[in-house]
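Only one structure is covered here, and it is reproduced in the block below.
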Number of protein chains: 2
Amino acid sequence: MTDGVAERSRPRDRILETAQDMFHKHGIKGVGVDAITEAAGTNKMTLYRHFESKDELVIECLRATAAKASRIWDEFEARHPGDKLAQLHAWVQKASELLSVDSRGCDMANAAVELTEADHPARRVIKELKEAQREKLVALCRDAGIGQAELLADTLSLLLEGARVSMQSVGAEGPSAQFVRMAESLIASFRAR
Amino acid sequence: MTDGVAERSRPRDRILETAQDMFHKHGIKGVGVDAITEAAGTNKMTLYRHFESKDELVIECLRATAAKASRIWDEFEARHPGDKLAQLHAWVQKASELLSVDSRGCDMANAAVELTEADHPARRVIKELKEAQREKLVALCRDAGIGQAELLADTLSLLLEGARVSMQSVGAEGPSAQFVRMAESLIASFRAR
DNA sequence: TCTAAAAGTTACAGACCGGTAACACCCTAG
DNA sequence: CTAGGGTGTTACCGGTCTGTAACTTTTAGA
């Protein structure tokens, strides 16, 4: 009779994990703190003892998501130590796997779409995290020996971001279905010159 | 002393136009019907006499947006009659113009991100409209004499969709800044083979 | 075992939401 | 001039939202 999401961890961890999951699935404005705490097997007061507001919880969730993504990058290095080109291909492969398994795309991009207020506290965090990810991909492309590393990295970024949002509007059979082919031929053409 | 948004048109038209603008700027869940009717210089009862629900209003707004986009396509044909390749370049140019002028991206994609319920009435409309746009771009590529027209059209779609969402998370100086260069070299490479 | 912190419980405040009812008004078509 | 449809106004319903107060229970460490 386990709790599924909850298990027996500390309330703060359960709240954070549950909130990540629910924000991801239903959007930030689509889920209230009551629903989160109930799903996490706790209550609202406990949430507000650990997070000073819903916005702050959102930010913590985004940071946690980025940390998970970072762990995936560590896997690339572990599986293909030193071989940056193989890591780049692994990146494409992993991106397409996630596309086929999850139809809700990137939490940070989705949050940016939802939180339209220019001064929303989450916006600067989103920008920071996205910029860090961009730099990582640029570095990977450069270390893989590609000339115009920034341009390739940015193109791959836009393709992936587009695929993730396209899935949500037209579904998996839309343009996003060809993501791997696009990305691979793009890498090939950048390597050729 | 004009009303700005309102002028002296019929309440229904004012509501539709104002709602389009406000949904676009602040998101669907970010604006209430009260705010819309007030900005449109009318009241809630009048809105509900013309639209049976907020969801229905959202759908009408999406259709109106798609109709505006369709008028832009008519411009391409008017400016470059018969020259499909020139129209494709015009499409790239226009897309980048819109990117630099408006940072909130595509209403349909944004709505798909916000409205997470799988059976939301707006979702099927979004899918229909997006599929229609996809077919238009595929036809344009094919008529421009490009071999793998579907693949080029889908790649361009993902690039643009990605650019529009990337702008919202990292801003205009991010990867989306290179959209024109990416799109043009992509077209060139498809034409070359 | 005793204590203190963490967590649970209940109730509530105050705001906003989508949607409706009842009624008064105005403007135009006949 | 008059009838009637479109519009404006006010008030309200039931629900949901974030966030807080006050109090009780559980848990864990010395």
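The values are calculated or read from the model by the stated rules, or taken from the named source; none is laboratory data. For clarity, every value in this text was computed on a predicted model and none was experimentally measured. Backbone-built Cβ (ideal geometry, glycine too); neighbour counts: all protein chains shown.
Summary of computed values
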| quantity | calculated |
| --- | --- |
| Tally, over the range B:123-137, of residues that are within 10 Å of another protein chain (Cβ to nearest Cβ) and either crowded, with 16+ Cβ neighbours inside 10 Å or part of a loop (DSSP other than H, G, I, E, B) (or both) | 8 |
| Residues of the range B:49-63 satisfying the condition of being under 12 Å from B:Arg12 (Cβ atoms) and either near DNA strand D (Cβ under 7 Å from one of its atoms) or hydrophobic (A, V, I, L, M, F, W, C) (or both) | B:Arg49, B:His50, B:Phe51, B:Leu57 |
| Unique match (being more than 14 Å from every other protein chain (Cβ to nearest Cβ), in contact with a Cys (Cβ under 7 Å, 6 or more places away or on another chain) and farther than 20 Å from B:Glu135 by Cβ) among B:Leu16, B:Leu88 | B:Leu16 |
| Residue in the range B:4-13 that is within 15 Å of DNA strand C (Cβ to nearest atom) and part of a helix (DSSP H, G or I) present | yes |
| Among (1) outside any helix (DSSP H, G or I); (2) surrounded by fewer than 19 Cβ atoms within 10 Å (Cβ to Cβ); (3) more than 10 Å from every other protein chain (Cβ to nearest Cβ) - the single one B:Ile146 does not satisfy | (2) |
| For A:Arg49: the one exception among (1) more than 14 Å from every other protein chain (Cβ to nearest Cβ); (2) away from DNA strand C (no atom under 16 Å from the Cβ); (3) more than 20 Å from A:Lys130 (Cβ to Cβ) | (2) |
| Hits in the range A:31-42 - residues which are surrounded by 15 or more Cβ atoms within 10 Å (Cβ to Cβ) and either within 13 Å of DNA strand C (Cβ to nearest atom) or in contact (Cβ under 8 Å) with a residue 40 or more places away in the chain (or both) | A:Val33, A:Ile36, A:Thr37, A:Ala39, A:Ala40, A:Gly41, A:Thr42 |
| Search result, residues across the range B:60-101 that are assigned to a helix (DSSP H, G or I) and among the acidic types (Asp, Glu) | B:Glu60, B:Asp74, B:Glu75, B:Glu77, B:Glu97 |
| The range B:96-106 - residue that is of a type in the set (S, T, N, Q) and away from chain A (no Cβ under 11 Å) and, of those, surrounded by the fewest Cβ atoms within 10 Å (Cβ to Cβ) | B:Ser100 |
| Selected residue [under 22 Å from B:Met182 (Cβ atoms) and either out of contact with any strand residue (DSSP E or B) (no Cβ under 6 Å at 6 or more places or on another chain) or away from DNA strand C (no atom under 16 Å from the Cβ) (or both)] from A:Leu85, A:Leu62, A:Leu57 | A:Leu85 |
| Restricting the range A:176-187 to residues that are surrounded by 24 or more Cβ atoms within 10 Å (Cβ to Cβ) and touching a Ser or Thr at 6+ places or on another chain (Cβ under 6 Å), the residue that is nearest to the other protein chains (Cβ to nearest Cβ) | A:Met182 |
| Residue count, the range A:33-48 (criterion: within 9 Å of DNA strand D (Cβ to nearest atom) and either among the polar types (S, T, N, Q) or over 26 Å from the mean Cα position of the chain (by Cα) (or both)) | 3 |
| Flag for B:Asp107 being touching a residue at least 40 places away in the same chain (Cβ under 8 Å), away from DNA strand C (no atom under 16 Å from the Cβ) and under 30 Å from A:Met22 (Cα atoms) | yes |
| Single match in B:Ala78, B:Ala40, B:Ala64, B:Ala109 (criterion: within 14 Å of another protein chain (Cβ to nearest Cβ) and at pLDDT 95 or above) | B:Ala109 |
| Meets criteria (modelled with pLDDT of 95 or more, within 18 Å of the chain's Cα centre (by Cα), aliphatic (A, V, I, L, M) and surrounded by fewer than 20 Cβ atoms within 10 Å (Cβ to Cβ)) for B:Val58 | no |
| Output for the range A:156-175, where each listed residue is in a helix (DSSP H, G or I), closer than 21 Å to B:Ala122 by Cα and at the interface with another protein chain (Cβ under 7 Å from one of its Cβ atoms) | A:Gly162, A:Ala163, A:Val165, A:Ser166, A:Gln168, A:Ser169, A:Val170, A:Pro175 |
| Residue check for B:Arg104: in contact with a Ser or Thr (Cβ under 8 Å, 6 or more places away or on another chain) and away from DNA strand D (no atom under 16 Å from the Cβ) | yes |
